[in-house]
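Values quoted throughout were computed directly from the atomic coordinates according to the rules given, and no laboratory measurement underlies them. This is a predicted model, so every value here is computed, not measured. We place every Cβ from the backbone using ideal geometry, glycine too, and count neighbours over all the protein chains shown.
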Amino acid sequence: MTTTQPSSTDLSSDNSFINPYIGKVVCVGRNYAAHAAELGNEVPTRPILFIKPASSIVGFDEAIPAMFVDKRRGKSYPLHYEAELCVQIGTDLKDATLDEAKAAISAVTLGLDLTLRDLQNELKDKGHPWERAKCFDGATVLGEWITPKTFGDFSSVKYQLFINNSLTQEGDTALMLFPVYELLVEISHAFSLEAGDVIMTGTPSGVGVLNAGDDVKLTLGGHTWETWVE
């Protein structure tokens with residue numbers, strides 16, 4: 001199920017800013033030092049980027065499975081949650097300036113970057129790419145888009161993840177190693193961004209495993225999105 005509770009100044013009922021086309025989802029790894037530390041990873045000196053396909057996207061109105069079943073190999077993997085602030089860009093960006101990046105964000109939401117952590121670690125240990133652990137169908141859960149106007153310059157945007165009404169993750173863009181606009185600039189100098197693309201800006205500490213029966217709720221300002229695990 002998906003619920004949105006707009007504030008009096010919110011314009012989310014006006015969907016004219018939403019681009020229904022998403023070409024790719026660009027994810028940022030280890031953008032919070034505390035998250036890098038909890039997984040025993042080094043803190044990066046430049047953004048770690050990877051891409052998820054649009055085919056991995058589902059909404060909060062769909063249940064999250066407790067396990068991913070690899071039918072070909074007869075193996076099952078638990079799903080790990082990573083809550084993230086997500087932005088959609090409304091114009092193409094290539095070698096963008098900071099001002100161009102600031103003007104490019106057309107919509108904002110929260111999302112879950114679902115990860116098969118055990119499989120990811122298996123692949124890492126072998127020196128293999130780990131798309132299998134990040135890009136499966138349903139691996140990207142995105143909320144309904146809302147206008148970015150109420151978030152200012154994104155320098156201190158706070159969001160939360162609750163599992164079974166217990167605060168599990170708490171993000172604050174002020175704690176990001178690489179702020180939102182700088183991320184857009186950096187990404188656009190690595191490869192082109194196209195209108196409609198989504199950037200998942202990184203997860204704070206507190207990641208973990210989802211279990212059957214869990215109620216999952218994300219909050220951003222006056223907005224709430226909920227789903228469940230089955």
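For the stretch 38-83, the list of GluC sites (Glu not before Pro) that fall in a loop by DSSP and count at most 10 other C-beta atoms within 10 angstrom reads 42. Reported to the nearest whole Å, the Cα centre-to-centre distance from the stretch 94-165 to the stretch 184-230 is 4. For residue 48, the residues whose amide H sits under 5 Å from its own are 29, ignoring neighbours fewer than 5 places away on the same chain, with H placed 1.01 Å from N.
Loop only by DSSP, 12 or fewer other Cβ within 10 Å of the Cβ. Give me the trypsin sites (Lys or Arg not before Pro) in the stretch 108-159 that pass, ordered by residue number. Numbers along the way, then the final one.
Details: sites: 117, 124, 126, 132, 134, 149, 158; in loops: 126, 134.
Loop-located and lightly packed - 126.
For the stretch 44-97, the list of trypsin sites (Lys or Arg not before Pro) that fall in a loop by DSSP and count at most 10 other C-beta atoms within 10 angstrom reads 71, 72, 73. Dipole magnitude for the stretch 24-225: computed about the Cα centre from +1 point charges on Lys and Arg Cβ and -1 point charges on Asp and Glu Cβ, it is near 520 debye.
Beyond a 23 Å Cα-Cα separation, which of these cross-linked pairs lie in this structure: 52/124; 24/94; 94/124; 24/75; 24/158? The pairs that break the limit, which is 23 Å between Cα atoms, are 94/124; 24/75; 24/158.
Ranked by how many other Cβ atoms sit within 10 Å of their own Cβ, fewest first, the residues 56, 156 fall in the order 156, 56.
Selection among 101, 40, 81 by position relative to the dipole of the chain gives 40 as farthest towards the positive end (Cβ unit charges, Cα centre).
Let a ≥ b ≥ c be the square roots of the eigenvalues of the Cα gyration tensor of the stretch 24-225; is it rounded (a/c under 1.5), or, if not, prolate (a/b larger than b/c) or oblate? Prolate. In order along the stretch 158-170, phi translates into HN-Hα couplings of 9, 8, 9, 10, 10, 10, 6, 6, 9, 4, 10, 9, 9 Hz, rounded to whole numbers, per the Karplus curve 6.51 cos²θ - 1.76 cosθ + 1.60 with θ = phi - 60° and x for Gly and Pro.
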